[in-house]
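J.: Pasting a structure here, questions to come.
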Amino acid sequence: MVQSHTSRRKFIQTTGGAAVLAGVAGCLGDDGAGTGDDTDDDALTIGAIYPLSGDLAELGEESLRGAELAFNERNEDGGVDGQEVELEVADAPDADAGVSGVVSLVDTHDVPIILGSYSSTISRAASQRAAQDDVAYWELGAVADVITDDNPGNTFRTNPTASFFGEDGVELAANVIAPALDIEVEDLRMAVMYESGEYGNAVGDGAISVAEEVGIEVVEDIEYEADTSDLSSEIQRLDSADVDVLNHTGYDPDIDLLWNQLENLDVYIPTVIGNGAGYSLQTFTDNVGDTATLGTFNVDFTNYNTNPEYAPGIAEFVDLYTEEYGDVPLSGHSLANYFGANVLLDTLEAADSTGLEDVREAALSLDEEEQTSATSWGVSFDEDTLQNERISVIGHQWQENVHEDDIWRPDVTDGSPDLYSLFPEEARLEMIDVDYIPQPDYTQD
Amino acid sequence: MVEVLIQTILRGILTGGVYALVAVGLTLIFGVMDVVNFAHGAYLMLAMYVSFYVWSFLGLDPFLSVLIVAPLFFLFGAVSYYLVIHPIIDRSMFAQIFVTVGLIWVFEHLALFLFGPSPRRITGEYGGIRAFGMAFEEVRLYGFLIAVVVVALLFLLLYRTRLGLNIRATSESPEIAQLMGVDIYRIYLLTFAIGIALVGAAGPVVAQLDSTEPTIWSYYVLIAFVVVVLGGLGNVTGALIAGPIIGITEALASLYLDPLLGPPIYYVLFFAVLVLRATGQFEELTHSVRTAFTADKGGV
Amino acid sequence: MAVETEGGGLSEYATRIGEPRIYLPIALAAAVLFVPFVAPGFYVHVLILTFITGTGAVGWNIIGGFGGQFSLGNAVFLGIGGYTTGILMADYGITPWVGIPIAVALAVVAAVVIGYPAFKTSGHYFALATIAVLEGMWFLSVYFSDLTGGSTGYSVTGDGGWLMLLFDSREPYFYLAYALFLGSIAVMIAIRYSRIGYYLLAIRENQDAAEAVGIDTAKYKLYGFVISAILTAVAGGLYAVYINFLYPDSMFSIDESILYALIVLIGGIGTIAGPIIGALLMVPLEEYTTAVLGGQYGALSYVGYGVVLILFIIYAPDGLVERLRFVGERIEDAAPTVSFGGDED
């Protein structure tokens, strides 16, 4: 899932002109690629494609870290069938670069399998290309349903898709928010607002169609360009529509813009459901202030303040990550990619070879129940779509952090907002409960 | 419903004022030097970073920091002129465009290297105000007022000072200005420095209403192009009309049509104005309006 | 600007086949045919991209280099070519052999519709007008997502084989793209030494003077624009069948538009060799930078690129062709002139 702001106009930042300075490129060498610097001839090399430069770099890097942690851990445990595994990484700031990345990994580095890729457009372009070479493509984080719905035959996905976000958000509205607001579900007025990129469209469309099924009225359907500097007309539409719940999908800058303008223009919306992205990051509360943050819901991959009985190993993952990278994880991306990379490694243990057919057979043979992994996800791939079906997203809420025994940022107890898992209930830490419906009136701040 | 319409138009005007503030330096440089500075938005991006750090380290009111950032960018503009613009000032359009494209790379990636990709924002300094049952954002209102003040000062500089006379003469015809004893390269230097100082002044305003990040420049440079073309090259008062026209277009399109259709509408407008201007029809069309605004003095 | 003004045309080239400066490039071009047999697949891939982008740059050179009309919107034709070919193929099952000609026809219409009004402007204004069209098209391609797939992208699928031009191996694409690139170069040379070419050069040098001697400047600029649109649209069609994935950022891309101009500028604007050398340098280096160098030094190396670009424009404004002329002359001196008996000199 794409989280950082993706400005579409990179305006030749990655194109040509690049070029002129072959000298510099030569001097810097190629340490940019590959984590397995100590190349071992006997090791099994898996390709990895993530955006590590450009607009998506921040969370592309966060995603890669999860895969790296899984590979390191596996090697310490003796590798796959005794063979060491390593990642050969290609940087793909956009879809075109993803295609080149696949060609480079397959032809130059001879990798039998590729994993990635954080962004849905990168994933689609890259997986199609890999299919032409009969190379298995493992998607560990991108959400667009179409990636596995229109599977080119080689693409395995371990993480939940965009429609899960839509469904969960609508269920949250129907089962939790409507009762708390004392409104009948069919009278609940929901607005769906999303940025016009791949990510916003995937999640926004899902939310709208599920809402219609459940019988929630979608009173506004607003698609906007993420680069915009003014959302006041969109806010006017929300205001006029007398919205009870806003379901919003965006990147950090437009999320910040929306909330600052809501506060300044005195438009109060009782409950807001975010869909990952900026809504999961600490910068959200830094940029919109504590009052507006508190009570905001967020449907997302598993984040870290989750009950370890529901997601066994989650606390250990935070420790592993902190030990390796010197700070707590930035977002749930590293965890989701850690999970997916482990499923891939388990598949390789079970597979006769790294050929597509053998990988497919091995993957389909995997059978893990839910709530057995650090994300809580289980493993069972659909035979046709190759989509993992034992997956779920979690409804989180921003609440005051006064707890010493939470998992993510246990050192913070000053009451500033942190993200806590709420739904399903088993995911909840013991001391956490639903609160802030409707949320505090941030316009009075 | 009529209140909603009026409120939307007024908000569009305020945001458009900020667009005008961003664009006025570009129109000055374009009008006088005949150089399209593609890096204009990149200068704005740097000004936003400077504003952000002045705010977060010194705790200074962001609007007051205009008084720091603008002079700083005057110097920055002068240095950029010496190093980069002066060598290509008499060269082809190709050279001029790609030198400024080169500046974009340098600025954007320097910002990425120094500050990282996470967006920053000056928050919590100003809120909203209510008037006649309508709500507005203070930041955009003050931004609009700063734009008006800046344009008025620039107007006085151009039409009430000796320097302004020389700038206008250079803009009219560099050859004749030179014959009249004007050191046109000194004028170019000052024009570029003033233009960059103006975009510096926009930095603290934009840093309060949008996110500061290395790639933010692309959005604003395109908006600035539209403002410059609609307002007329080098026409500083025209920018103050064109900015709000775009702001209103966006606001109304977002309210009544679809937010994605605002830009196509103003790009059509932009294209039409370019063509009509080239054929002289636009001047006929707007003759009365323009004379009303610029009195008997004409544009820069 | 380095432009030969004497003689020319493809037939002229044919009669001078014995000279090193003619037969050496032809020999080199023939040698390229063997690349897929010897080079690793990644190099083949990079060359395919080079040929596709190079075709766009050649197209740009006709209107931008010869005609001096600085279009920054040529990717509009890439987008029209790509989306038309792709949509006809995946949604309607129409082969690109038919789809690409339809795309070309649409690109011609678009070039006339855009060019007719836009050529009333000139210089910077023309550049800005073409940017406006491109940006407008970008928004429309996102807005009409039922047709284009919007920002989620559009997968180009179909049956494999020569009918749909879908292959699992890269070799067919290599030869298709190479043929396109060579064909576009032939078109460029033919145009350069035709009446259109001479008139475009005259317009570039001094439009008023050209008009004064009776050249219908509006008409010839439009011709040049249409030809560049055709070449770019075919490149877009081939891109669609090779990459198989279209989305607004790669199709209606201002980056790509600027890259076309930049390739020509680096190579040598208005020259025959400029877009060829520019593309052969810039595209592989771009691919190298992202696929091999990766993200870690990305930011700093781009700062370096920017500085080098600025220095290059200030100190080597005529492009690499001019800078490297002495190298070419050395080689020519070393290679013998072969006489076929029909030499005019």
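The values are calculated or read from the model by the stated rules, or taken from the named source; none is laboratory data. On a predicted model such as this, the values are computed, not experimentally measured, just so you know. Cβ: placed from backbone, ideal geometry, glycine included. Neighbour counts: every protein chain shown. All accessible areas refer to the heavy atoms of the entire protein, side chains included, with ligands and DNA or RNA removed. Shrake-Rupley method; radii C 1.70, N 1.55, O 1.52, S 1.80 Å.
J.: Assuming 0.36 nm per residue, please report the length gained on full extension of the stretch B:MET1 to B:GLU125 beyond their Cα-Cα distance.
T.: My answer for the length gained is 41.5 nm.
J.: What is the range B:2-294 by shape, rounded, prolate or oblate, if you read a ≥ b ≥ c off the alpha carbon gyration tensor as root eigenvalues and call it rounded for a/c under 1.5, prolate for a/b larger than b/c, and oblate otherwise?
T.: Oblate is the answer for the range B:2-294, as a/c is 1.5 or above yet b/c matches or exceeds a/b.
J.: Report the residue, chosen from A:HIS333, A:HIS403, A:HIS248, that carries the largest GNM mean-square fluctuation when chain A is represented by alpha-carbon nodes joined by springs under 10 Å.
T.: A:HIS403
J.: For the protein assembly as shown, give the percent of accessible area contributed by carbon and sulfur heavy atoms, probe 1.4 Å, rounded to a whole number.
T.: Solvent-exposed carbon and sulfur of the protein assembly as shown make up 57 percent of the total.
J.: C:ARG170: net charge of surrounding residues, Cβ under 12 Å, Lys/Arg +1, Asp/Glu -1, itself excluded?
T.: Taking every other residue near C:ARG170 into account, the sum is -3.
J.: For chain C, what is Rg from Cα atoms divided by 2.2 N^0.38 Å, rounded to two decimals?
T.: Normalised Rg, Cα atoms only: 1.00.
J.: While we're looking at this one, here's another question. Can you give the FRET efficiency to the nearest 0.05 for B:HIS86 and B:LEU114, using r as the Cβ-Cβ distance and R₀ = 35 Å?
T.: Given R0 = 35 Å and the Cβ-Cβ separation, E is 0.85.
J.: Nearest 500 deg cm²/dmol is fine: what mean residue ellipticity at 222 nm does chain B get from its DSSP H runs of n ≥ 4 alone, each adding -39,500 (n - 2.57), divided by its residue count?
T.: Computed ellipticity for chain B at 222 nm equals -24500 deg cm²/dmol.
J.: Assuming R0 = 41 Å, what is the FRET efficiency of A:GLU76 and B:SER56, from their Cβ-Cβ distance, to the nearest 0.05?
T.: That pair, A:GLU76 with B:SER56, gives E of 0.45.
J.: Given an 8 Å cut-off on Cα distances and at least 6 residues of separation, report the relative contact order of the range C:39-261 as a percent.
T.: In percent, rounded to a whole number, it is 45.
J.: Select from B:GLY77, B:GLY124, B:LEU14 the residue farthest towards the positive end of the dipole of chain B; place +1 on Cβ of Lys and Arg, -1 on Cβ of Asp and Glu, and compute about the Cα centre.
T.: Result: B:GLY77.
J.: Same structure again: When the dipole is taken about the Cα centre of the protein assembly as shown, and only Lys, Arg (+1) and Asp, Glu (-1) are charged at their Cβ, what size is it in debye, to the nearest 20?
T.: 7760
J.: Something else: Take the alpha-carbon positions of chain A, form their convex hull, and give its projected area averaged over all directions (one quarter of the hull surface) in nm².
T.: Averaged projected hull area, Cα only: 20.9 nm².
J.: Additional query: Just name one of A:PRO253, C:ALA30, C:ILE272: the one whose Cα is farthest towards the positive end of the charge dipole of the protein assembly as shown (beta-carbon charges, Lys/Arg +1, Asp/Glu -1).
T.: Checked the options; the winner is C:ILE272.
J.: Taking the alpha-carbon centroid of each part, what is the distance from the range B:60-100 to the range A:59-105 in angstrom?
T.: Each part's Cα centre sits 43 Å from the other's.
J.: For a quick check: with amide H placed at 1.01 Å from N, whose amide H comes under 5 Å from C:GLN69's, ignoring anything fewer than 5 positions away on the same chain?
T.: Those qualifying (amide H under 5 Å, at least 5 residues apart or on another chain) are C:GLY64.
J.: Please return the longest stretch of chain C lacking exposed loop sites, where GluC sites (Glu not before Pro) count only if DSSP places them in a loop and at most 14 other Cβ atoms lie within 10 Å.
T.: Looking at chain C, C:7-343 is the longest stretch - no exposed GluC sites (Glu not before Pro) with at most 14 other Cβ atoms within 10 Å.
J.: Something else: Go ahead and set up a Gaussian network model of chain C, Cα springs under 10 Å, then flag whichever of C:ALA335, C:ALA235, C:ALA75 fluctuates most.
T.: Its mean-square fluctuation being the largest, the pick is C:ALA335.
J.: Whole Å is fine, so just give me how far the alpha carbon centre of the range A:299-321 lies from that of the range B:4-46.
T.: Going from one Cα centre to the other spans 47 Å.
J.: Next question, about the same structure. With a bin width of 5 angstrom, please list the P(r) values of the range A:296-402 as percents of all Cα-Cα pairs, from the 0 bin to the one holding the largest distance.
T.: Binned Cα distances yield the sequence 2, 12, 19, 21, 17, 13, 9, 4, 2, 1, 0.
J.: Hey, another quick one. Could you pull out every residue, at least 5 positions away or on a different chain, whose amide H is within less than 5 Å of the one on A:ARG428? Hs are placed 1.01 Å off N in the peptide plane, and Pro or chain starts have none.
T.: A:ASN307
J.: Sticking with this structure for a sec: To the nearest 10 square angstrom, how much accessible area does A:SER334 have with a 1.4 angstrom probe?
T.: 0
J.: Something else: Could you state the accessible area per residue of the range C:39-261 in Å², with a 1.4 Å probe and every protein chain left in place?
T.: Heavy-atom accessible area per residue stands at 30 Å².
J.: Using helices alone, I'd like the mean residue ellipticity at 222 nm for chain A: each DSSP H run of four-plus residues gives -39500 (n - 2.57), total over residue count, nearest 500.
T.: -10500 deg cm²/dmol
J.: From the backbone phi of the range C:43-58, what are the Karplus-calculated ³J(HN,Hα) couplings (6.51 cos²θ - 1.76 cosθ + 1.60, θ = phi - 60°) in whole Hz, Gly and Pro given as x?
T.: 5, 4, 4, 4, 5, 4, 4, 4, 5, 5, 5, x, 4, x, 5, 4
J.: Counting residues in the protein assembly as shown as N, plug N into 2.2 N^0.38 Å and put the Cα Rg over that result.
T.: That ratio works out to 0.94.
J.: Over chain B, what is the relative contact order in whole percent, taking alpha-carbon pairs under 8 Å and six or more residues apart?
T.: 38
J.: Moving on to the next point. Connecting C-alpha atoms closer than 10 Å in a GNM of chain C, tell me which of C:VAL234, C:VAL327, C:VAL109 has the biggest fluctuation.
T.: C:VAL327
J.: HN-Hα J couplings of the range B:48-57 from phi, Karplus 6.51/-1.76/1.60, θ = phi - 60°, integer Hz, Gly and Pro as x?
T.: For the range B:48-57, the Karplus-derived couplings read 5, 4, 4, 4, 4, 6, 4, 5, 7, 8 Hz, x marking Gly and Pro.
J.: At 222 nm, what helix-only mean residue ellipticity would chain C give, in deg cm²/dmol to the nearest 500, using -39500 (n - 2.57) for each DSSP H run of four or more?
T.: One gets -22000 deg cm²/dmol as the mean residue ellipticity at 222 nm.
J.: C:GLU12 to B:GLN281: FRET efficiency via 1/(1 + (r/R0)^6), r the Cβ-Cβ distance, R0 41 Å, to the nearest 0.05?
T.: The computed FRET efficiency comes out at 0.35.
J.: Using 0.36 nm times the number of residues separating C:ASP318 and C:TYR23, minus their current alpha carbon distance, what extension gain do you get?
T.: 103.7 nm
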